[in-house]
Every structure is written in structure tokens, then in C-alpha cells.
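Everything below concerns the one structure shown next.
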Amino acid sequence: MRYESPQTIEAASALLASEAGLARILAGGTDLLVQLRSGMVEPDLVVDVKNIPTMTSIVEENGGYRIGAAVSSAVMNEHADLCAMWPGVMEGADLIGSTQVQGRATMVGNLCNCGPAADSVPGMVAANAIATIVGPNGRREVPVIDIPVAPGKSTLAKGEIVESVFLPAQVKRGGDAYLRFIPRTEMDIAVVGVGVNIELDDSGVCTHARVGLGAVAIKVLLVEDAAKALIGSKLDDAALDKMAAATSAACKPINDKRGTIEFRTKVAGVLAVRAVKIALERANKRASNGGEK
Amino acid sequence: MARNPDADSAPAPKAVKTSTIEFDADKAKTFKVVGSRPPRPDGMDKVTGRARFGADMVMPGQLVGLILRSPHPHAVIVSIDTTAAEALSGVKSVITRDDFAENADHHDVLCNIMAREKALYEGHAIAAVAATSKAVARKALKLIKVDYQILPHVTDVDLAMAPDAPLLHADMITSGVTPAPTKPSNIAGRSEFGHGDVEAGFALADVIIERDFKTAATHQGYIEPHACVANVGADGMSELWCCTQGHFHVRQVCASLLGIDVSRLRVTASEIGGGFGGKTTVFIEPVALALSRKAGRPVKIAMSRDEVFKASGPTASSSMNVKIGVTKDGHITAGEGEFRYQGGAFAGAPADFGAMSAFACYALDNVKTVAYDVVTNRPKGAAYRAPGAPMSVYAVESVIAELAGEIGMDPIELRLKNAAREGTKSSYGPKFGSCGLVETLEAARDHPHYSAPLGPNQGRGVASGFWFNFGGETCSTLNINADGTVAIAVGTPDIGGSRAAMCIMAAEELGIPYERVRTIVADTSSLGYNDTTEGSRVTFSSGMAVIKASRKAVTEMCNRAAMIWDIPAEAVTWEDGHAKPSGANAGEFEPMSLAEIAATASKTGGPIAGHHEYNADGAGVSFGTHIVDTEVDPETGRVDILRYTVVQDAGKAIHPDYVEGQFQGGAVQGIGWALNEEYIYGEDGRLQNAGFLDYRMPVASDLPMIDTVIVEVPNPGHPYGVRGVGETGIVPPLAAIANGVSAAAGVRLTELPMSPPRVLKAIDDAKVAAQ
Ligand SMILES: Cc1cc2nc3c(=O)[nH]c(=O)nc-3n(C[C@H](O)[C@H](O)[C@H](O)COP(=O)(O)OP(=O)(O)OC[C@H]3O[C@@H](n4cnc5c(N)ncnc54)[C@H](O)[C@@H]3O)c2cc1C
């Protein structure tokens, strides 16, 4: 097994593209190293992307933030302004593992590992985060929701690397939240995960909503019917019930050691309602602060 | 109580001895060191990383041993071809079933450590290799060709008992049934306990509740995987370093399986990262020895966590029915139960212990329990803290709670009315001696926890529990060093702070400070046979041996002082760490301290030591009562443990910190068992969750501080009144939590674990039923 640690994303992409055998990108390694140890993957080349400056910084852009793909969750969660703007996305990332894992784990690693239960992904989907991808054929921008296909399988082509993720500016009366269900309090994998992002007008009517749903299908889902149930309402109980039903209806879970179909389907709706309530509180608080923090 | 986990059938009763009164009430009034909380002698090593556990030993020229395991839950092993593996460069030995001779004494152990005709569970060892590196060993495993003929499998206890179930052992005839069955089955044994006439008892009852219960198999979950290093010399002299609760037992079994004299095998117990009963038998040790013997080099084997789950010994899963009758004023008229436990691929599920302890908390006129020990295609179970009791007590204490509700009586009051006490004929036969159930119930009732207010969706549960406790073969030595310090050697591995307890008891007897006493766990060549650290027996048995060894050393020190003073030995007494003339008639001499006597020992007859060996009897039973507050999320079925109090009889807490630690540990393992831990099998008979991600033990943030109350009702069988405390603590929690969750959820839960999907379903089903 060869280990490379290039300084530019172009060099990294070239290394990956020219490898005849199995190649893997190494960010935090909290998924990859576990897979290596258990013998799940035996790559011929590992390309570490943590020495590429564009991938290790957080920069403000058009009122939003561009987060390098190799930025660890711990570093990200120390960025006060970013946390104030997208608390739901940050919480999703912050739930990953333990303090030790936080120092390494990245949102993009979480995304590209393509686990349906990846905790940071529903929040990014709800926020409509856009990934910038660099590959042998140049640069392209793709909504986060379009990257995972199935566990361990993404739409990235050979040689392609996610360079950064862009979170747009949050609106004045906007808020997001992420909730996951686990039987314990930490060090567990989501049985259901729900990320929501809502925007309201001055009269409190929901004008925009996105609901991302994890751990209930082969990949993270964007639930448009759940969003539709909210838009145009004042997030009253009737709207929330409709949204919960739409969220449950979108679930295509399996019965497994982590939960039953019945359980996951019901709890998805329950968590969605709870997440919207948190997001609403945040949106109102943000509005009362003049659209900041 | 303890059972040789490797015994092929029920435990052979030890010779019955009448227990003597050992308790010294006067001494108990003047304890100076007993009851204090000094730092444990192994503490510094453990927090700095200097302590050496199973995998920390390295021997020169050591090889890496790996085990090939069956992917099938049940299959005939038609053939094993190791030619290619043996030919691989770096491979030094390969072994299979052919490298072990048949062994009548340890037949099941032999079949478990290396499969013979059949693989009986997923993870069953098929072959092993020793190689110069892990990479080579891994490659070699892939080169071993095994031809399996796959058989139908069964992992559920009730299905395994069905007449048409796949049969694991063609020669398994149920024991304990007359006349003996003519056909083999998966039921290894049936046993029955009780007295009186239950039918007549039920006829007197105003309310009778009968329910079915199930519990899942759980693993002890010790943090340290099994690990050992074996070194067999060219002359056959062998050493084994391993992580175990009983190195004498390991020596016995390994020597037998390898066909060597016990004197040729020296076993050293490493520090141990948890055992809870799971390290009372052998898994990898005979394999490492056989690999080493063949390779002529030391071999280390360390299990992965996956192997620990699949191929060490979890506890039994159970399916049970319990029926109890009570009068309106709270008199229990009869109790009956059937307890079906599966203990994996070989006989030995602790169903009999379950049946014996199920009703042990109650003084009953009419009681009957029946136990079935059943085999399935799962790893052979090992002991787990109070083996068998938590499940049966869960069933009984759940029904007791429901009965209390039915007759409108406080559940502690109902228990007090029927509590077993001194002189009660126990539900399993013998009469109880002095014991502390009533005291724990009263302390629980009077504890502020019991009357604290509860919020919405919260429920309080109470349950009591019991464990027999055990004494057993014990042998300890105490040496007085020339500088006045003391060195103790015990043969019982320290899994819960027992070295500190030994030092405390010796310091108390000798009248010297705790810091001047050190205790080690000696290897098998340094002491006579010691039973395993199990059955909550160490502070009781090794402790009594240390006390008696101390007393012998004291006698000798008095002799030496008498010699120096030139007076009769009877004229010398021992007080506060000094030899003194016993009175004015004995003469006027300055008292001599232990250090002074030790310093001159070379001139008075040489080294001074005390030794004691015996088969300890009189281990007092221990009862406990737990209170727990739970909160249930009615929309998700998630359970939070809000508050937890353990009240237990310790007889006498030698080192209260470690007694409290045992109480807390038992409660925490019980919380895991009650809420989320379970062995999950797929249709394919394979374990679905062989790792800590999906085998959900509680993490620290899941738990409140576990509050403890130590009750002390002295055990007459121990000089200081000690009772074992290691096991009782895991007996009540399953029931206490089930009672709390049922109260919070508003529906009776009868299956463990009470994982969120199960709790939510019960809540939703109850809603539908109510409509
Ligand atoms: C103890 C423990 C607890 C955990 N708990 C959680 C949890 O609670 N929730 C959760 O969701 N996850 C959890 N995880 C999984 C893991 O930590 C997360 O998925 C994490 O976000 C992965 O990030 P990473 O940077 O470490 O990824 P890596 O392991 O470096 O990479 C993961 C995958 O993504 C690919 N990849 C990485 N970066 C890029 C890139 N820039 N472009 C393209 N592909 C890329 C890699 O090739 C690899 O296939 C846990 C892991 C451990 C070990």
C-alpha cells in the first residue's frame, strides 16, 4: 500500500486518476482506518488530503461559508459565526463520535463514505449545501444530496475529490436543526436522523423549507412533500402533523438490528416535528437579533 | 455459589461440612483498618499504564497465533486441508482437531476450544496457525480449506426444545428425568426445586397473576479481550501467561487437554481488564499451548472484539413462565415458575441456579420451580455475575410488582410481609442463616429516594434479589519481611480490588499500617490449589485465609518474643502490633514491635511466615434491594434512567469503596441488560452485532450516579462478618427497571431488552387495545 500526501488538489486528483489499482482518499480516516483494520478494503494507494490548503480552511463567501473538505468537525465547531448561522448543520457534525473522533472526522468524509445514517448529511441537505468537486476534467458544483448513491457508493468519478462545501447565507428569519434518534446518549449510530431548514416571512408564514432524512433508506433523502406541508403555513399543529405524515411516508427503511421498519417510520415523523420546533425558535431568535446569530 | 464451568454435567456436591461460627463480635467493635478507604495497591500501575494485561507480555521469539473460525452455525466438518497454510513461508505451526486427543474429563471444553466432528456455532474454532507476523498468519488462515456439510440450525430456546428441532448432539439424553428419555434432544437437563403444595396454595389466593417472560443473551462486556502467551519448552516444561479469573483451573484443564502433568505447566495470571465470570474457563489457552508445542516457540493469541462476542461465553437467554398467588392482605400463598435457558452449544446453562434463586427472597409455604438447560447453535455460555439469577428474579419480581398494584399495597410493604429471614426454609431447600433482606427493604423504604416526587412519563421500580455466594478451596501465604513489612501471596486473581482488602485484613490482624502490607497474586507453582475468583468468594475465602495466616504469624512472633524474654510462649500476647507479656506474672519486658521481632528473626529461628489452606465453608448469602426512577419518551420508546439506589447487605465492608464499586457495577450491567444489550441473530444463525457499536452497552453519559447504601448484617461464617458482594448487585436491576419502565409507560413489559422499538410498540399496542 502506497501513501501519498500531495500539496495541491490537482496533484491529488492526478495521483488518484493514474492509480491502476484501488485508490482511497484519506481525510480524517475515522471511516477509512476502521475499514482498513477490519480488512473491508485493501487499497493500493491512499492519498491524504490534509496538506492541501484550499481543503483545510473556512472562508466567508457571499455572506455564507465555504468549508474545506478536510476541516475537522472540532475545528468547524469552534467557528463561532458559522455555528451561529447554521447551528443544525454544526450539531449534526458535532454528534459524530467522541471528542477524539471529532478532532479528525470531517463532514465530507461523512458524506463520501455514503452511509445512510451519516449524521452531518441531513443537515447539509436541508441547508442545500453545494459541494465543489475537482477532478481530471476540472471543477464542478453539485448539491450535496446528489453525491451519495448507496452505502459506500457515490456519484464521484475516478480521480474526483470534493474540495469544499458551501453553506449559503442564512436568511433573516431562518433557522435549522438536526435531531437523531439513538437508544443511548452518544457513541451510537442514528436509527433515524432528521435535518430541517425553514424560512419565514415577517408574519411568521413559512416561505421555504427543506427536510433531509437519514437512516431510513439506502441513502439520505430530501423529503419534498414534508417541505410542502410546511410552506404556506404558520407551522401550526395541523401543518406539523401533515409534515410528520409526509416524512414517515418517505421512509423506506429495513428491519435490522438497529430498529424495525415500523419504529423508524414512526420516529422519523416524531423527530421531524421536534426539529421544526427547534428551527422555528432559532429563526425567531435570529429575526429578533436583526438576522444575525 | 459457583460451578465449574467446564464440568460436563451438574456440579458435583462438595463434601458437606457443618459451618463453624467464625465471627468475632468483640473484634468487630474495635476495627482500626477494616472499613477505611486507602488507595488500592494496583491503582498507580493501572492509571499510568504500567500494569501488564494479557496482551502486554512479550517473550523472545514469540509468534502470532490466529484462529480460523466457522462461518456456519451448524455444519459437519468433512475435512480440513492445511497443506497450503503449512507451506507458506513464516508459518511455524498449524493445528486442528487432530492435534488434541479425546478427553473424557473435559470433553465439552475440548470440543469447544477446537471443533471436532461438527461446528456448532458461528465462530467455533476450526484450526489455528502460529506465524512470524499477523499478516502471514492471516494469509495462512485463508489458505486452510475446510469442507463443510451445512446442517439446519437453531438459536432460540423454545424452538430448540421442540421435538423436530435440529439436534446438536446425537447422544444428548435429558438428565434429571425419570424414566430417562429414550431419544436424544437439545434439553441437556431438567431440575426441580421447592416444597409444599402449590395447587393448594393457589386455592388460598385472592389474586393470581401468571405471565410469560423472555430475556436476551448478554455478554459480560469486559474491556479486555482474552489474551495469552504460551511457551512450551523442548523438555515439555511449559509456561502460560493469561488473563483469567482462575489460573489454577486453567492449569488443570490445559494440562489435561495437552496430556501433561500439572507440575510441568506454570500459569501466571496477568492483570485483568474485567471478567464478571466470563474468564472462568479456557478458550484460547490450550490452543496457544498446542501451537507453541508444535512450533517450539512462544505463541501469543489475543482475541479481537469480534471473536470475544462470537466465541467466548455470553450468558444464557431465557424464556420463562411465572405464577404467583396472594391474599388481599398481602400474604403470598404460592409461587411457581418454569425457567428455560439456552446456554449455547454445550450443556451448562445456569437454569438450575435461576430456578433456585427465583423465589429466594420469600418465605413461602408452597413453591415449585422447574429448570431446563437447553443447547442451541450459539457460543457456549460462561458464568456472568450471579449466573442464572437475574433472569428468573426479573420474572418473579415483575409479577410481585404487579400483584402489589392489584391489591393496592406498597411493593416494599408486600415484600417485607413475605421476606425470607433467619430460619426461613429457602425456596431451594436449605434454611437461611443470619441474613439481611429485611434490613435492605427497610433501608430502601426509608431512603429519601423512595419518597421523592416523580414527573410526567416517569415511573419508579423496586426489586429485591439474592445470591448464594461461595467459599471453596483456598490457600494463602503471608511472609514477615526482615524490615517489618509484610508480603502476602494469594492464588485468586484480583478483579475487584481484593488485593487492597487482603492488605487491610492483614494490617488489622497484625496491628500495622496498611501501607506496610503488599499482596500479590502468585502463580500456580507458588501456592497450593485455589478455586477461581468467582461466586463472590475472594474477600470471604482468601480474606479468611489471610486472617488465619496472619494469626499463625502472630503466634510465631509471640514465640520468638517468648524466646528472647525467656518466658513461656503462653505468657506472651499480641496487641496493637506488639508482642507483650500477658500480665505482671509473665515478667516486665518492653513490648516488641513486629518490626523489632522481624529484624532479629535470623537469630531466633529464621524467617517468620503464616500459611493457611482450607476448603472455605460458611459463605453467607447476600440480599439486595434496588430503587430506580425511569422516564419513557412516549413518542419514541426511549428510556432514561434518572435516579438509581442500590441497598445491599455486605456483612462487613472491608474496603467500602470497592463494595460500593461492586454495587454500582452490578447495577450498571443490569441497566444495560434491561435496556439495550442483546445478542441479535439473523435467520442465517449468525450474530448480527458482534461489536460495541451495535451491542449497546450503556456509556457513561447514559447513567446517573448510582447511589449506594451498605447494610451490614454480619456473616457468622467469617471472622469479620464478610459476605460476598460481587454478584447480588446484578440480580435486582432487570426487574427494578422493568417495574419502573412499566409504570412510566403505563403498560407491563415482559421481554428484555426494553429497547425503544419494543417499548414504543408496547405503548402503541396498549393504546389500540384501549380504544
Ligand atoms: C468511534 C467512532 C464513532 C463514530 N460515530 C459516528 C457518528 O456518531 N455519526 C456518524 O455519522 N459517523 C460516525 N462515525 C463515522 C465517521 O467518523 C464519520 O463518517 C466521519 O465524518 C468520517 O470523516 P473522515 O474525515 O474521518 O473520513 P475518512 O475516513 O477519511 O473518509 C471516509 C470516506 O470518504 C472518502 N473521502 C474523504 N474525503 C473525501 C473527499 N474530500 N472527497 C472525496 N472522498 C472523500 C474516503 O475515501 C472514504 O471513503 C464514527 C466513527 C468512529 C470511529
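The values are calculated or read from the model by the stated rules, or taken from the named source; none is laboratory data. Fair warning: this is a prediction, and the values are worked out from it, not measured in the lab. Methodologically, a virtual Cβ is constructed for each residue, glycine included, from the backbone with ideal geometry; neighbour enumeration extends over all protein chains shown. SASA here: full protein model, heavy atoms, side chains in, ligands and nucleic acids out. Shrake-Rupley method; radii C 1.70, N 1.55, O 1.52, S 1.80 Å.
At 7 Å along Cα-to-Cβ for each site, give me the label-to-label distance between residue B:44 and residue B:413 in nm.
Modelled inter-label distance: 5.6 nm.
How large is the charge dipole for the stretch B:223-280, taken about the Cα centre, if only the Cβ atoms of Lys, Arg (+1) and Asp, Glu (-1) carry charge, to the nearest 20 debye?
The dipole of the stretch B:223-280 has a size of about 120 debye.
Please compute, for peptide B:677-690, the average count of beta-carbon atoms on other protein chains lying within 10 Å of each residue's beta-carbon. Intermediate results must be reported in sequence, preceding the final value.
Numbers: counts 0, 1, 0, 3, 1, 2, 0, 0, 0, 0, 1, 3, 3, 0.
For peptide B:677-690, the averaged partner shielding equals 1.
Which are the unpartnered cysteines of chain B, meaning those with no other cysteine Cβ under 4.7 Å from their Cβ?
Isolated Cys, chain B: B:111, B:243, B:254, B:361, B:435, B:475, B:503, B:558.
For Cα pairs less than 8 Å apart in space and 6+ apart in sequence, what is the mean separation divided by the residue count of chain B, i.e. the relative contact order in percent?
It comes to 16 percent, rounded to a whole number.
Find which of B:480, B:444, B:668 sits farthest along the positive direction of the dipole of chain B, computed with +1 on the beta-carbon of Lys and Arg, -1 on that of Asp and Glu, about the Cα centre.
B:480
Given the options A:51, A:33, A:275, identify the residue whose Cα lies farthest towards the positive end of the charge dipole of chain A (+1 on Cβ of Lys, Arg; -1 on Cβ of Asp, Glu).
A:275
Could you provide, to the nearest whole Å², the per residue accessible area of the stretch B:472-616 with probe 1.4 Å?
Computed with neighbouring chains in place, this is 37 Å² per residue.
Restricting the count to DSSP beta bridges whose residues both fall in the protein assembly as shown, what percent are antiparallel, rounded to a multiple of 5? Could you put the intermediate results ahead of the total?
Values: 136 of 171 bridges.
If we restrict to bridges inside the protein assembly as shown, about 80 percent are antiparallel.
Calculated from DSSP H runs of 4 or more alone, at -39500 (n - 2.57) each and per residue, what is the 222 nm mean residue ellipticity of chain B, nearest 500?
Values: 22 runs with 216 residues, N = 771.
When only DSSP H runs of four or more count, the value is -8000 deg cm²/dmol.
If each of residue A:234 and residue B:515 carries a label point 7 Å out from its Cα toward its Cβ, how far apart are those two points in nm?
Label-label distance for residue A:234 and residue B:515, simple model: 7.3 nm.
Mind checking B:754-761 for the average number of partner chain beta-carbons within 10 Å of each residue's beta-carbon?
What the average comes to for B:754-761 is 5.
In whole angstrom, note down how far apart the Cα centers of the stretch B:114-134 and the stretch B:485-549 are.
37 Å
Go from 0 up to the bin containing the longest alpha carbon distance in chain B, width 10 Å each, and give me the % of pairs per bin.
It works out to 3, 14, 23, 24, 19, 11, 5, 1, 0, 0, in whole percents.
Beyond 36 Å, how much of the Cα-Cα pair distribution for chain A remains, as a whole percent?
The answer is 15 percent, as a whole percent.
Give me a single rounded figure for B:694-702: the average over its residues of other chain Cβ atoms within 10 Å of their Cβ.
Working: counts 5, 1, 8, 2, 3, 6, 3, 4, 6.
Partner-chain Cβ atoms within 10 Å, mean over residues of B:694-702: 4.
Put +1 on the Cβ of every Lys and Arg and -1 on every Asp and Glu Cβ in the protein assembly as shown; which of B:468, B:563, B:217 then has its Cα farthest towards the positive end of the dipole?
B:217
So for the stretch A:2-167, what percent of the C-alpha to C-alpha distances run longer than 28 Å?
In whole percent, the long-distance tail amounts to 14.
Give the Debye-formula value of log10 I(q)/I(0) at each listed q (0.10, 0.11, 0.14, 0.24 Å⁻¹), with one equal scatterer per alpha carbon of the stretch B:374-473, two decimals each.
For the stretch B:374-473, the Cα-only Debye profile gives -0.40, -0.47, -0.72, -1.46.
Can you give the convex hull volume of the alpha carbon atoms of the protein assembly as shown per residue, in Å³? Present the calculation step by step, with values, prior to reporting the outcome.
Working: hull volume 214.2 nm³, N = 1064.
So the per-residue Cα hull volume is 201 Å³.
Report the gain in length on full extension from residue B:162 to residue B:406: 0.36 nm times residue separation, minus Cα-Cα distance, nm rounded to one decimal.
Difference between extended and current length: 84.3 nm.
Say R0 is 22 Å: what FRET efficiency, to the nearest 0.05, do residue B:103 and residue B:170 get from their beta-carbon distance?
0.70
Kindly provide the GluC sites (Glu not before Pro) of the stretch B:379-457 that DSSP labels as loop, not H, G, I, E or B, and whose Cβ sees at most 14 other Cβ atoms within 10 Å.
B:422
Only sites in a loop by DSSP and with at most 11 other Cβ atoms within 10 Å count here; which GluC sites (Glu not before Pro) in the stretch B:536-638 make the cut?
Counting only loop positions with at most 11 other Cβ atoms within 10 Å, the GluC sites (Glu not before Pro) in the stretch B:536-638 are B:588.
Could you tell me the relative contact order of the stretch A:226-273? Use alpha-carbon pairs under 8 Å, at least six residues apart, and round to a whole percent.
Value for the stretch A:226-273: 37 percent.
State to the nearest 20 debye the size of the charge dipole of the stretch B:255-322 about its Cα centre, where the only charges are +1 on K and R beta carbons and -1 on D and E beta carbons.
280 debye
Need one number: nm distance between label points at residue A:41 and residue B:693, each 7 Å from Cα along Cα→Cβ, rounded to one decimal.
In this crude spin-label approximation the distance works out to 1.3 nm.
Restrict the search to the stretch B:664-771; then list the GluC sites (Glu not before Pro) that DSSP places in a loop and that have at most 11 other Cβ atoms within 10 Å of their Cβ.
Working: sites: B:677, B:678, B:683, B:712, B:727, B:751; in loops: B:677, B:678, B:683, B:712, B:727.
Filter output for the stretch B:664-771: B:683.
Within the stretch B:331-369, list the residues whose amide N lies under 12 Å from a label point set 7 Å along Cα→Cβ of residue B:321.
Residues B:336-340 qualify, since their backbone N sits under 12 Å from the label point.
By how many nm would the segment from residue B:588 to residue B:52 grow when fully extended, if each residue of separation counts as 0.36 nm and the alpha-carbon distance is taken off?
Contour length minus Cα-Cα distance gives 187.8 nm.
In chain B, what % of DSSP beta bridges are antiparallel (nearest 5)?
Details: 95 of 123 bridges.
Roughly 75 percent of the DSSP beta bridges within chain B come out antiparallel.
Please state the relative contact order of the stretch B:345-450 as a whole percent: Cα pairs under 8 Å, 6+ residues apart? Don't skip to the answer; put the middle values down first.
On the way: 131 pairs, mean separation 32.2, N = 106.
Relative contact order for the stretch B:345-450 comes out at 30 percent.
Using +1 on the beta carbon of Lys and Arg, -1 on that of Asp and Glu, and nothing else charged, what's the dipole of the stretch B:472-616 about the Cα centre, debye to 20?
Working: 10 positive and 18 negative charges, 28 e Å.
Dipole of the stretch B:472-616, to the nearest 20 debye: 140 debye.
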